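A short write-up of the structure that comes next.
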Amino acid sequence: MPRGRKPTGNRPLTAAQRQARYRQRQSDNGATSAPRPARPMRQVSRPQQWHAPTDQARGLKAHDKATIAGELMMASAVALISRL
């Protein structure tokens, strides 16, 4: 069982003829697609995007380390005072 439309002429259309007919139908219907909006330019480079969270994590780690060290010093001072 043959598929598709029967040729309108003696021979089947070539690929270029088929494409030309398709484009003509598309332009006749007014079904032109709207142009895509341009992608926004990246404000920050990719290495900067990677370094920002890393730097933030390093800062938090340093803060936590200082806080824990301060708490340990306070605990040891309290321990010394309570022994007296």
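None of the figures in this text is laboratory data; all of them are computed from the coordinates on show. Small disclaimer: the values here were computed from a predicted structure and weren't measured. Reconstructed Cβ throughout: ideal geometry from the backbone, glycine too, with neighbour counts over all protein chains shown.
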| On a 0 to 90 degree scale, rounded to 10, what angle separates helix 46-83 from the longest Cα axis of the chain? | 20
| How high is the FRET efficiency from Ile68 to Arg42, r the C-beta distance, R0 22 Å, rounded to 0.05? | 0.05
| Expected 222 nm ellipticity per residue - DSSP helices of 4 or more, -39500 (n - 2.57), all of the chain, to 500 | -22500 deg cm²/dmol
| Relative to the first principal axis of the alpha-carbon coordinates of the chain, what is the inclination of helix 15-29, with its axis defined by its Cα atoms, in degrees from 0 to 90 and to the nearest 10? | 80
| message | Over all directions, how big on average is the projection of the convex hull of the alpha-carbon atoms in the stretch 45-84, in square nanometres? | response | 2.2
| message | Taking the number of other C-beta atoms within 10 Å as the exposure measure, put His63, His51 in order starting with the fewest. | response | His63, His51
